[in-house]
Amino acid sequence: MNESGTGALALLFDADDTLWENAVFFARALESFCAIMSRQGIAEERTRALFAELEARGFRRRWYGSRRLEINLRAAARRLLDGEVEGGLAQELRAIAGSVSGHEIRIFDAVPEVLEALSRRHRLFLVTMGESQEQGGKIERSGLARHFEAIHVLHDKTRAAFEEIIRRHRLARRSTWMIGNSLAKDIRPARAAGLKTVHLANGQDFGFGLPDTGIQADLVVRSFAELARSFGVGLAR
Ligand SMILES: [Mg+2]
C-alpha cells in the first residue's frame, strides 16, 4: 500500500465522526432531553432506553440528522409524559434538535494536512449520508470540499450505493479504499461491494442502534496521522 509515486488510489472518506465531531452533539442533545424528562419525574434510564428504541426505528425509516432527532424526541416525550407535546416543551425540543445541525464544525486533529497530502497522490472522494441540505451545510462550513474530486451524500450507505459510485467514477476495486469510523455503516457495505477498508477506530460512533459485531476492516488506524503513515505520506510539521 505504501505508494512510491505510482499507482494512484481512490480514497473514499466518511464525514461525520471521521473528519469532524458529530456524535458528541447528539450525546449532548440526549443529555438535555434526559434533564427535561427528569424534571417531570422520569428516570434517566427509562428515557435513554426508549430513545434508543426509537432511534433504531428512525434509522430504518431513513430519517437523519436533526429531523430524525426532533421526530424521536417528540415521540419519546409523548410516550414518557403520556400526552401531546405542545407549547414550551415543543419549543425546547426543537431547540435541542437544532443544536446538532447548525453548530460550528470541529475538525479532528491533522485532517486538513493529511487530506492535502493524500490529494497530491490519490483521488479523494467524500461519501457521507443524511439529509443533503444538512450534510451540504456541514461540508461547506468545514472548508474541506476542495480536497475531493466528488462528494456524495447518500440516502443510505449500502452495497448498491457503493457499487454505483464505483461505476460512476470508474474505480478499480483493488485500489479503492473506504475510510470511516463506523463498522456498520462504512466498513460492512464497502466490503460487500468489494472495496478495501480502513476503520478509523477513534472511539466516536453514534451507533444508529445497529449491531457491529463480526465486521473487520483490512486496516485499523486510530488517527489521521496514523492514516497518513499507512498510506505513505509524510506531514510537513
Ligand atoms: Mg461516520
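Take the range 166-197 and flag every residue that is surrounded by fewer than 23 Cβ atoms within 10 Å (Cβ to Cβ), assigned to a helix (DSSP H, G or I) and among the hydrophobic types (A, V, I, L, M, F, W, C).
Ile166, Leu183, Ala184, Ala192
Considering only residues that are within 16 Å of the ligand (Cβ to nearest atom) and at pLDDT below 95, look in the range 118-131 and name the one that is nearest to Ala15 (Cα to Cα).
Once the filter is applied, the top-ranked residue is Met129.
Considering only the range 38-64, state which residues are of a type in the set (Phe, Trp, Tyr), assigned to a helix (DSSP H, G or I) and modelled with pLDDT under 90. Walk me through it before giving the result.
Applying the first criterion (of a type in the set (Phe, Trp, Tyr)) to the range 38-64 yields 51, 59, 63-64.
Those left that are additionally assigned to a helix (DSSP H, G or I): 51, 59.
Phe59, the sole residue that qualifies.
List pairs: first in the range 172-190 and assigned by TED's automatic domain parsing to the domain that holds Gly214, second away from the ligand (no atom under 12 Å from the Cβ) and among the hydroxyl-bearing types (Ser, Thr, Tyr), Cβ under 7 Å, 6+ apart or cross-chain?
Between residues of the range 172-190 that are assigned by TED's automatic domain parsing to the domain that holds Gly214 and residues that are away from the ligand (no atom under 12 Å from the Cβ) and among the hydroxyl-bearing types (Ser, Thr, Tyr), the close pairs are Trp177/Thr197; Met178/Thr197; Ile187/Thr197; Pro189/Thr158; Ala190/Thr197.
Out of the residues in the range 167-214 that are basic (Lys, Arg) and within 15 Å of the ligand (Cβ to nearest atom), state the one that is nearest to Trp63 (Cα to Cα).
Only one residue fits best here, namely Lys185.
For the list (1) over 26 Å from Pro112 (Cβ atoms); (2) assigned to a helix (DSSP H, G or I); (3) of a type in the set (Lys, Arg); (4) more than 16 Å from the ligand (Cβ to nearest atom), I need the number of the one condition that Arg141 fails.
(1)
Residues to consider are Arg28, Arg67; find the one that is under 30 Å from Glu149 (Cβ atoms), in contact (Cβ under 8 Å) with a residue 60 or more places away in the chain, more than 16 Å from the ligand (Cβ to nearest atom) and part of a helix (DSSP H, G or I).
Checking each option against the conditions leaves just Arg67.
Before we move on, is Ile151 within 15 Å of the ligand (Cβ to nearest atom) and within 17 Å of Asn22 (Cβ to Cβ)?
Yes.
Going by the structure shown, is Ala217 at pLDDT 95 or above, more than 12 Å from the ligand (Cβ to nearest atom), assigned to a loop (DSSP other than H, G, I, E, B) and buried (at least 19 other Cβ atoms within 10 Å of the Cβ)?
Yes; evaluated as a whole, the condition is true for this residue.
When you scan the range 108-119, do you find a residue that is exposed (fewer than 15 other Cβ atoms within 10 Å of the Cβ) and touching a residue at least 12 places away in the same chain (Cβ under 8 Å), even just one?
Among the residues of the range 108-119, at least one is exposed (fewer than 15 other Cβ atoms within 10 Å of the Cβ) and touching a residue at least 12 places away in the same chain (Cβ under 8 Å), which makes the answer yes.
Gln91 versus (1) of a type in the set (S, T, N, Q); (2) surrounded by 14 or more Cβ atoms within 10 Å (Cβ to Cβ); (3) more than 24 Å from Gly203 (Cα to Cα): which is the lone unmet condition?
Just one mismatch for Gln91, condition (2).
Considering only the range 144-159, how many residues are touching a residue at least 12 places away in the same chain (Cβ under 8 Å), surrounded by fewer than 16 Cβ atoms within 10 Å (Cβ to Cβ) and in a helix (DSSP H, G or I)?
Within the range 144-159, residues that are touching a residue at least 12 places away in the same chain (Cβ under 8 Å), surrounded by fewer than 16 Cβ atoms within 10 Å (Cβ to Cβ) and in a helix (DSSP H, G or I) number 2.
The values are calculated or read from the model by the stated rules, or taken from the named source; none is laboratory data. Just so it is clear, the model here is predicted, and its values are computed rather than measured. Every residue, glycine as well, gets a Cβ built from its backbone with ideal geometry; the counts of neighbours run over all protein chains shown.
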